[in-house]
Amino acid sequence: MKKIGNSLLTSVLALGLAVSTQASAEEVVNVFNWSDYIDEEILAEFEAETGIKVVYDVFDSNEVLETKLLAGSSGYDVVVPTGTFLARQIQAGVFQKLDQSKLTNNGNLWNVVSERVDKYDPGNAYSVNYMWGTTGIGYNVDMIKERLGVERIDSWDVVFDPEKLAKLKDCGVYLLDAPTELIPAALNYLGKNPDSRDKGDLKAAEDLLMSIRPFVRKFHSSEYISTLANGDICLTVGWSGDILQARDRAAEADNGVTVDYAIPKEGALMWFDQMAVPADASNADNAHKFINYIMRDDVMAKASNYVYYANGNLASQKLLAEDVIGDPAIYPDSGTMERLYTIMPYDPKTQRVITRLWTKVKSGS
Amino acid sequence: MDRKLGRFLLIGIPYFWLFLLFLVPFGIVLKISLSDVAVAIPPYTPTFDLDNGWEGIKAFVGNLDFENYVWLTEDDLYWSSYLSSLKIAFVSTVLSLLIGYPLAYSMAKAPSEWRPTLLMLIILPFWTSFLIRVYAWIGILKTEGLLNQLLMFVGVVDDPLHILNTDTAVYIGIVYSYLPFMVLPLYSALEKMDGSLLEAAQDLGCTAISAFWKVTLPLSIPGIIAGSFLVFIPAIGEFVIPDLLGGSDTKMIGKTLWVEFFSNRDWPVASAVAVLLLLLLIVPIVLFQKQQERAQEAEQ
């Protein structure tokens, strides 16, 4: 769930160009993954080891991926939707069951993750976890201290209390352009079930979001990496790994900006990006080989060390860099883990209500 | 006999083209707009299936209804984004005309050996991808962008202007992108104008300015109409520019369609919006052209 939102480039590409999947003599696997989500060395090493050419293509919104899958004949062999989207796509018959006998690295998986994924993909029959993360608050430490007088953020108050957020208006507040992330957060803050579909609850969430709307500069799902790192904004609700990337970019640039990420004490949304194989994949066998390769402990560790997201691979944990496995923002402690919540996909009717609500919030009227 | 066949073919080809590239796609969209959402590939039902023969077709037709159109009337979102698109497209067209007319006029009056070069300069931006040109405007308009730096350097403003992510940025983007479509038809209308008409007007006592209003402008009306249509029609359905340059509160029908299609996964309602957009747009334009043709015939 790295970058939802209307990513234009991707949607233009996704709808305009059909991916060519000629079954030439050369063995290929067509992979469609999130942008900035892999260490490209992994792809080169896979090619060298197996002789299978990887055609790697990226998207930055679940919606674009889903529309492409639902149109049929996407031409991809491996795709990486987020759990909530995956569940609906399984129901629509988009994917084929994985052949577990080909996934010999199955023993590496982490039951903490696969048990949670079970509600999206019963029995983990159709998918294998690639990465998971949380949706929390990224902030500029100095600007927040200056305006709110606190060393660090530990509560959703700073976002959902209009009085507090008003103090941050001048330095810039971003929110993810993703109703399925912000509405559960608002519901959770109100003490309601984050996965509620009740009309009254949703109305309460809408009122809460409308009350903070005047202080939000922009709704966007990827721009905050650079704006936060450059010091152009002081607060964003965003995805863990993206904010940590902003933190590292700011540290590397040595521009006097210190970024930090908080999983607020009230809890945060936990999401899972899952590798799956479309039912009409023309290279299903190679797709299994690719997934199995990614499931290797050293490969998965390399991927996480590169993108700063946690993975669902227990065996890889001993190979992770200290600033990944030792960072509670990436691998939260067990107390924090218990406060993380998950949500289920909305049915079409509720989806409509949610989208409409979101349009209202974004347009501010 | 042969001649008849030849004539039939000659007329038939454009009609066949129209049928293949307009009516067939329109029919498909219309059909989807009468369907219902489903969690399936493709995400709507019923789908066309000839295997069940006549009964299948009857069942298929029986499953179509106008529910989605009724839905559109129940939420003011569609209407307000349509109106807002109309407004943005209209203002952009007027701005393009105001900027494009002097441009085209001076091009048409330029020495004839310059004209190919000037025309080339108008067409030159098309050599770069449309998407990249719109992206470039982000760099120009953003708070720390080129425009603000220039304005602050010159001392026109003290604080940077917030232009990006507002409707103003959308106007700038549309006018910039579609200006050539306004200039080219205007230029061709102005260029072929007979200069002796102006001389006659001046001989009869017109000043240069009133000659312009009485002779040049009326004669360039076909160019104005063609240019305005070429800007107005694509601007209404524009998606790229409001998405990249507009703010969260910029409402345009293109964005509404995107949300319907991608966020709601509701292809039937998205199709219904598209069909209505087409009807609301094409019908008045066809009527307008008919009326224009009649007026021209009446003149002759």
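The values are calculated or read from the model by the stated rules, or taken from the named source; none is laboratory data. These numbers were taken from a predicted model, which means no experiment stands behind them. Because the Cβ atoms are built from the backbone with ideal geometry, glycine has one as well, and the counts that use them run over all protein chains shown. Surface accessibility is based on the protein's heavy atoms, side chains included, excluding ligands, DNA and RNA. Shrake-Rupley method; radii C 1.70, N 1.55, O 1.52, S 1.80 Å.
Rounded if a/c is under 1.5, else prolate if a/b is larger than b/c, else oblate: which is the range B:76-299, with a ≥ b ≥ c the root eigenvalues of its Cα gyration tensor? Taking the square roots of the gyration eigenvalues as a ≥ b ≥ c, the range B:76-299 is oblate.
Counting only protein heavy atoms and using a 1.4 Å probe, what share of the accessible area of the range B:76-299 belongs to carbon plus sulfur, as a whole percent?
Taking all protein chains in place, the range B:76-299 shows 69 percent carbon and sulfur surface.
The label point for A:Val353 and the one for B:Phe16, both projected 7 Å from the Cα toward the Cβ, are 5.4 nm apart. Of B:Arg294, A:Arg356, the residue with the largest accessible area leads and the full order is B:Arg294, A:Arg356 (1.4 Å probe).
Among A:Val361, A:Val54, A:Val31, whose Cα projects farthest towards the positive end of the dipole of chain A, with charges put on the beta-carbon of Lys, Arg (+1) and Asp, Glu (-1)? Working it through, the farthest residue towards the positive pole turns out to be A:Val361. Model label points for B:Thr45 and A:Ala71, set 7 angstrom from Cα along the Cα-to-Cβ axis, are 2.4 nm apart. Projecting the Cα atoms of B:Pro268, B:Leu198, B:Ser129 onto the charge dipole of chain B (Cβ charges, centred on the Cα centre) puts B:Leu198 farthest toward the positive pole. With a Förster radius of 45 Å applied to the C-beta separation of B:Gln289 and B:Glu113, the computed FRET efficiency comes to 0.80. For the range A:344-360, accessible area lost to neighbouring protein chains reaches 40 Å² or more, against the chain alone with a 1.4 Å probe, at A:Gln351, A:Arg352, A:Thr355, A:Arg356. Take the Cα coordinates of the range A:193-296, assign each an equal point scatterer, and use the Debye formula without solvent to give log10 I(q)/I(0) at q = 0.21 Å⁻¹. Here the Debye-derived log intensity ratios amount to -1.09.
At full extension, B:Leu131 and B:Leu278 could sit 50.5 nm farther apart than now, given 0.36 nm per residue minus the alpha carbon distance. When the alpha-carbon atoms of the protein assembly as shown are used, the pair Rg, Dmax equals 28.7, 97 angstrom. Magnitude of the charge dipole for the protein assembly as shown, about its Cα centre and with charges confined to Cβ atoms of Lys, Arg (+1) and Asp, Glu (-1), is about 1820 debye. Here B:Asp65 and B:Val94 are evaluated by their C-beta separation; at R0 = 41 Å the FRET efficiency comes out at 0.50. Working from Cα pairs under 8 Å separated by at least six residues, relative contact order for the range B:76-299 is 29 percent. Dividing the Cα radius of gyration of chain A by its Kirkwood radius returns 0.96 for Rg/Rh. Shown for the range B:261-279: residues covered by the partner protein chains by 10 Å² or more of accessible area relative to the chain by itself (probe radius 1.4 Å), namely B:Phe261, B:Phe262, B:Ser263, B:Asn264, B:Arg265, B:Asp266, B:Trp267.
Counting only other chain Cβ atoms within 10 Å of each residue's Cβ, the peptide B:34-42 averages 5. Ordering B:Asn165, B:Gln291, B:Met120 by Cα displacement along the dipole of chain B toward the positive end leaves B:Met120 in first place; charges were set at the Cβ atoms of Lys, Arg (+1) and Asp, Glu (-1). Shielding by partners for peptide B:138-145, expressed as the average number of C-beta atoms from other protein chains within 10 Å of each residue's C-beta, is 1. Using a simple spin-label model with pseudo-atoms 7 Å out from Cα toward Cβ, B:Asp75 and B:Ala200 lie 5.9 nm apart.
Simple point charges give the picture: +1 on the Cβ of Lys and Arg, -1 on the Cβ of Asp and Glu, and for chain A a dipole about the Cα centre of about 1460 debye. Taking a sphere under 12 Å around the Cβ of B:Glu67 and counting the other residues whose Cβ falls inside, with K and R at +1 and D and E at -1, yields a net charge of -4.
Going down the list A:Lys145/A:Lys169; B:Lys87/B:Lys255; A:Lys167/A:Lys360, which pairs span over 20 Å between their C-alpha atoms? Beyond 20 Å between Cα atoms: A:Lys167/A:Lys360. Mean separation of Cα pairs under 8 Å and 6 or more residues apart, divided by the residue count, gives chain A a relative contact order of 26 percent. By the beta carbon rule, with partners counted only under 4.7 Å, the protein assembly as shown holds these lone Cys residues: B:Cys206. With the helix formula -39500 (n - 2.57) applied to DSSP H stretches of n ≥ 4, chain B reaches a computed 222 nm mean residue ellipticity of -22500 deg cm²/dmol. Of all complete DSSP H helices in chain B, those with a Cα span along the helix axis of 20 Å or greater and a mean Kyte-Doolittle hydropathy of -0.5 or more are B:2-18, B:76-109, B:167-191, B:221-236, B:267-299. Per-peptide packing, taken as the mean over residues of other Cβ atoms within 10 Å, places A:77-84, B:104-111 in the sequence A:77-84, B:104-111 from highest down. Around the Cα centre of chain B, unit charges on the Cβ atoms of Lys, Arg, Asp and Glu (plus for the first two, minus for the last two) sum to a dipole of about 840 debye. For the pair B and A, the buried accessible area comes to roughly 2800 Å² in total, with a 1.4 Å probe and the value rounded to the nearest 100. Protection proxy ranking, highest mean first, for peptides A:269-276, B:229-236: A:269-276, B:229-236, where packing is the per-residue count of other beta-carbon atoms within 10 Å, averaged. Put simply, when B:199-206, B:68-75, B:135-142 are sorted by average Cβ atoms within 10 angstrom per residue, most first, you get B:135-142, B:68-75, B:199-206.
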